[in-house]
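Participant: Structure in structure tokens, see below.
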Amino acid sequence: MNPEQHKKTQVTLAYFLISMLILFGLQWFFLVGASVEIPYSDFKTYLEKGMIKEVVISDTVIKGLMQDPTGKSDKPVPFTTNRIQDPDLVKELEAKHVKFTGKPANSFLSNLLSWIIPIIIMIAIWNYMVYKMGMGGPGVMKVGQSKARLISADDNAKKITFKDVAGIDEAKEELKEVVDFLKEPRRFESLGGRIPRGILLVGAPGTGKTLLAKAVAGEAGVPFFSISGSEFVEMFVGVGAARVRDLFTQATAKAPCIIFIDELDALGKARGFNPIGGHDEREQTLNQLLVEMDGFDTKKGVIIMGATNRPEILDPALLRPGRFDRQIVVDKPDLKGREEILKIHAKDVKIAKDVDFHMLAARTPGFVGADLANIVNEAALLAARRRKNEVTMAEFDEAIERVVAGLEKKKRLISPKEKEIVAYHESGHAIVAGELPNTDVVQKISIVPRGIAALGYTLQLPTEDRYLMTKSELEDRLAVLLGGRAAEEIFFSDISTGAQNDLQRATDIARSMVKEYGMSEKLGLLVYERPRNPFLKGDNWQPTEKEYSEEIAALIDSEVKRIVDEAYERSRKIITEKKKTVEKLAKLLLEKEVVEREEFLEITGKKTAEKNP
Ligand code: ADP
Ligand code: MG
Ligand code: ZN
């Protein structure tokens, strides 16, 4: 919140308090009047002295006029006193010739005064608030106005550009297109190209999603509305929706521009059945966002960007065509990327000559941009504390240790030994895939850890759409899956838990071959398992009953085992034959962390005879 906004909120609050005070004041005035309250005993004394002029007696109070007891003025003063049980009062009043009237407890007037007027005032205030919310214009009640921070085009002071972002080149490349569009919307328009409406940046926390979005705005030189998803979700139903509306109105007026919704998951969580019936507000806000995204005109040049680290919980409606239909993955940086990020952040720091960024990058596998920025900052702080005038390798060493210690609590980091195992494991997958004829092309091999489960991966892309798979293809796939484990066994004569997911998938495939696809001669063409429909899981859903005997069950198990074992043998054979190549690939992986298709083909000597060009 910028200072100006802050002030406005305070003013809003002050207005609210003042109107409440006035309300109470009015009520007090009407009900009690500006009269003095006197004890009943005084009232009786004044009555005795003949100072009481007239009274109105109601159930609980006696009001009236009396001579000023202080004697300062001749004008009679109004008074009130609480009525108590006093049967002789009427007689005494008559005796003193005081004019008196009775008053029913709930006269029309007191009704009106005591609650109808406050209600009318309340309604008036409420209407005013709603009106202001709807308008979102400048005014007292700014509840419905979007809290988006606007970074305008000429805000050059701290302009972030693509130069400030490193290590996520693929995402950057894709966003350059968006920048081109924002710079010259008209050119794209005349060509009739469809410009993406919504772009979703997906990646682990700290990989630079927010930074990237700002860089797009900086590069394109257009206004940038930035808001966090959680800022939409408020206590009052309807406020969030009003904010969304306001945001889009503002943005359309400033087009071409970018709307950036950070932490989209806070707002876009899948709508679902809610037993308590809460979260209406979030749902309404989400609906409003969907409506706005559908409704506005891309030609105007408003691009919506979102960022999330949990795309899986987003409402599917958000990802439909015309909404956030373009998704850009922001990966964790590889070795080279980390080195570049470190250099970017070291730009404004005095660095000693002995600092080797390449080495620092090598020691920080799995670190994201934010962690690396943190390391540089820590190192600079340490140097300052030690009264050095430049940051040396010693400070960096310590900074890494500190950051690692902090990270170890939060997430798993891999040790050099583990990294080596992963490198050989992935090389095993890749080499087997490269050797066998019926497998998908190896696109990329990476040992940059991606999550809790995957320490590395070998990306294989099918060259065509697949609807059928032959037996030999399945067998080859099994061999590839087991290649990681085989490599570990051959090179380390020890095995790790890293192959668990591979083994799981291999077992599933082998089991399906036996039970569903009739690919085992011993079991023949019978189907031993019907496909289940998970959507039909009702209350009385049960796993399919076994339709076969115990002997068959044993046979199935032995056949599954045989298939997996055979595949593993093939895998082992290939890796033993190509031991040198596996080693070369693993070394390259350890050095670069990511090996692309080209280099892979070079290593395996298949550059010329490339299959499936
Ligand atoms: P995210 O939004 O993905 O959680 P941020 O964009 O907020 O991550 O990153 C936090 C900080 O970390 C950035 O302000 C920047 O200083 C640093 N950072 C993260 N990724 C990068 C990167 N790829 N290049 C340079 N700096 C980065
Ligand atoms: Mg962020
Ligand atoms: Zn594996």
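The values are calculated or read from the model by the stated rules, or taken from the named source; none is laboratory data. Everything numeric in this text was worked out from a predicted model, so none of it was measured. Backbone-built Cβ (ideal geometry, glycine too); neighbour counts: all protein chains shown. Ligands, DNA and RNA are excluded from the accessible area calculation, which covers all protein heavy atoms including side chains. Shrake-Rupley method; radii C 1.70, N 1.55, O 1.52, S 1.80 Å.
Participant: Please specify each residue of segment 473-505 satisfying the condition of being among the small types (Gly, Ala, Ser) and either modelled with pLDDT of 90 or more or not assigned by TED's automatic domain parsing to the domain that holds residue 457 (or both).
Facilitator: Of the residues in segment 473-505, the ones among the small types (Gly, Ala, Ser) are 479, 483-484, 486-487, 493, 496, 498-499.
Result: 479, 483, 484, 486, 487.
Participant: Return yes when residue 215 is free of Cβ contacts under 8 Å to residues at least 60 places away in the same chain, open to solvent by less than 10 Å² (accessible area, probe 1.4 Å) and on the phi < 0 side of the Ramachandran plot and no when it is not. Please lay out each step first, then the result.
Facilitator: Details: free of Cβ contacts under 8 Å to residues at least 60 places away in the same chain: yes; open to solvent by less than 10 Å² (accessible area, probe 1.4 Å): yes; on the phi < 0 side of the Ramachandran plot: yes.
Yes, satisfied.
Participant: Sticking with this structure for a sec: Name the residues in segment 346-377 that are among the β-branched types (Val, Ile, Thr) and either assigned to a helix (DSSP H, G or I) or in contact with an Asp or Glu (Cβ under 6 Å, 6 or more places away or on another chain) (or both), would you?
Facilitator: Our first condition is that a residue be among the β-branched types (Val, Ile, Thr); within segment 346-377, this holds for 349, 351, 355, 364, 368, 375-376.
Once the filter is applied, which keeps residues that are among the β-branched types (Val, Ile, Thr) and either assigned to a helix (DSSP H, G or I) or in contact with an Asp or Glu (Cβ under 6 Å, 6 or more places away or on another chain) (or both), segment 346-377 yields 375, 376.
Participant: Which members of segment 378-430 meet the condition of being outside any helix (DSSP H, G or I) and either open to solvent by less than 30 Å² (accessible area, probe 1.4 Å) or modelled with pLDDT of 85 or more (or both)?
Facilitator: 386, 387, 388, 389, 390, 391, 392, 414
Participant: Another question, then. Cβ-Cβ distance below 7 Å, separation of 6 or more or different chains: which pairs start in segment 200-211 with a residue that is under 17 Å from residue 312 (Cα atoms) and end on one that is open to solvent by 30 Å² or more (accessible area, probe 1.4 Å) and within 9 Å of ligand 2 (Cβ to nearest atom)?
Facilitator: Hits for this filter: 203/309; 204/309; 205/309.
Participant: In addition: Suppose we filter 203, 137, 198, 144 for residues that are at pLDDT below 90, of a type outside the set (Val, Ile, Thr) and within 16 Å of ligand 2 (Cβ to nearest atom); which single one remains?
Facilitator: The conditions single out 203.
Participant: If residue 90 satisfies all but one of (1) open to solvent by 80 Å² or more (accessible area, probe 1.4 Å); (2) assigned to a helix (DSSP H, G or I); (3) not aromatic (Phe, Trp, Tyr), what's the number of the condition it fails?
Facilitator: Checking residue 90 against (1) open to solvent by 80 Å² or more (accessible area, probe 1.4 Å); (2) assigned to a helix (DSSP H, G or I); (3) not aromatic (Phe, Trp, Tyr), the one that fails is (1).
Participant: Please identify the pairs in which a residue from segment 490-505 that is free of Cβ contacts under 8 Å to residues at least 12 places away in the same chain has its Cβ atom under 8 Å from the Cβ atom of a residue that is in a helix (DSSP H, G or I), counting only partners at least 6 apart or on another chain.
Facilitator: From segment 490-505, the pairs are 494/488; 495/485; 495/488; 495/489.
Participant: Filter segment 494-514 down to residues that are open to solvent by 70 Å² or more (accessible area, probe 1.4 Å) and closer than 16 Å to residue 426 by Cα and give me whichever is farthest from ligand 2 (Cβ to nearest atom). Lay out the reasoning, then the answer.
Facilitator: Just the residues of segment 494-514 that are open to solvent by 70 Å² or more (accessible area, probe 1.4 Å), to begin with: 494-495, 497, 500-501, 504-505, 508, 511.
From what's left, closer than 16 Å to residue 426 by Cα: 494-495, 497, 500-501, 505.
Details: 494: 40, 495: 39, 497: 32, 500: 32, 501: 29, 505: 33 Å.
The qualifying residue farthest from ligand 2 (Cβ to nearest atom) is 494.
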